[in-house]
Amino acid sequence: MLDSICSYLDGFLRIKEVEDYPNALNGLQIENNGRVTGIGAAVDASEAVIEMAAGQQVDLLLVHHGLFWGGLARLTGSQFRKFRRAISSNLAIYSAHLPLDIHPQIGNNILLARRLELGEPEPFFMLKGQNVGFAIATQIDRDKLLHRLKEVLGREVWVCWGGPQQVRRIGIVTGGAGSQLKQAVAEGVDTFITGEGPHHTFSLAEELGINLIYGGHYATETFGVRALAEGIAAKFGLPWTFLDHPSGL
């Protein structure tokens, strides 16, 4: 069954078509003996998550940040322990980074945009030759927007109110897009929602006249893997679980 699921995922997510960072290594990263009886979804392929998956009899783990996100590394220490635990537990690991962020149905960005219920999202934020985020034309007081976003994310968020009180165009790029604040302004939004960014973006947001909201890298990227696992589980008649291991960042 693993081959069938991965073949479907590769096509559904356009794994071979979507350009990404080299360390993403999108697609199947560790195979197993071909058996899949339970699916796990997680943001990161960390040692703690792999332990959770093995303990819950998951044999296919779908993640957003894969095993090689930190780059080339020797199979020693924690890296060895992760591979040993996954292989000894017959745990296959499949990763999708930008292909999951940008997906028009179950991507992190579209799901967060739709959960806010502020208007019809439109493609936004060019990266590697493709729009990776969504923008929403709306009219809402920024305090009401903040309240709604905190309800959707289920957590407090970091804010720099550098822009207008009445929000008219929101840009959304989940994850760590704060360092691209100037691009967000250039693409015509007065409010930018992402996960996290560098310290200097506080002053930069004030100087550029834009509202900047950091909802948390982890919190803004739980939507896609959950939706993906739910869809795959329904299609192939399998149980699934979300392996929640928040970083707080």
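Quick notes
- Cβ-derived FRET efficiency at R0 30 Å, Arg148 paired with Gln56, nearest 0.05: 0.35
- Think of each Lys and Arg Cβ as +1 and each Asp and Glu Cβ as -1; about the Cα centre, that makes the dipole of the range 1-70 roughly 140 debye.
- Sequence of His65, His199 once ranked by neighbouring C-beta atoms within 10 Å, starting from the fewest: His199, His65
- In sequence order, calculated HN-Hα J values of the range 68-74 (Karplus, 6.51, -1.76, 1.60; Hz; x Gly/Pro): 10, 4, x, x, 4, 8, 5
- Within the shell defined by Cβ-Cβ distances under 12 Å, the residues around Leu116 carry a net charge of +2, with Lys and Arg each +1 and Asp and Glu each -1.
- Sorted largest first, the spans of the alpha carbon positions of the range 108-218 along the three principal axes are 29, 28, 26 Å.
- Scattering profile of the range 71-148 at q = 0.18 Å⁻¹ [log10 I(q)/I(0), Debye over alpha-carbon scatterers]: -0.81
- Interchain or long-range residues, amide H under 5 Å from His65's placed H: Asp44, Ala45
- Label-point separation, Gln166 to Asp3 (7 Å along Cα→Cβ), nm: 6.1 nm
- Each peptide in 180-188, 167-175 was scored by the mean count of other Cβ atoms within 10 Å over its residues; highest first, the order is 167-175, 180-188.
- Taking the DSSP bridge list for the chain and keeping only pairs wholly inside it, about 50 percent are antiparallel.
- Panel values: the range 41-174, Kirkwood radius from alpha carbon pairs, Stokes-Einstein at 10 °C and 1.306 mPa s, translational diffusion coefficient 92 µm²/s.
- Note on Lys128 and Phe68: their simple-model spin labels are 1.3 nm apart, each label 7 Å out from Cα toward Cβ.
- Percentage, to the nearest whole number, of Cα pairs in the range 88-129 over 11 Å apart: 72 percent
- Relative contact order, whole percent, for the chain stands at 20, derived from Cα pairs under 8 Å and 6 or more residues apart.
- Extension gain, Asp141 to Ser78: 0.36 nm times the residue separation minus the Cα-Cα distance gives 18.0 nm.
- Computed from the C-alpha gyration tensor, the three semi-axes of the ellipsoid equivalent to the range 164-219 are 16, 12, 10 Å, from longest to shortest.
- Value in Å of the Kirkwood radius, where the range 2-95 supplies the Cα pairs that are averaged: 13.4 Å
- Span per principal axis, largest first, for the Cα atoms of the chain (Å): 55, 37, 33
Only the coordinates and a few stated rules stand behind these numbers; no lab work does. Just so it is clear, the model here is predicted, and its values are computed rather than measured. In this analysis, Cβ positions are derived from the backbone assuming ideal geometry, glycine residues included, and neighbour counts consider all displayed protein chains.
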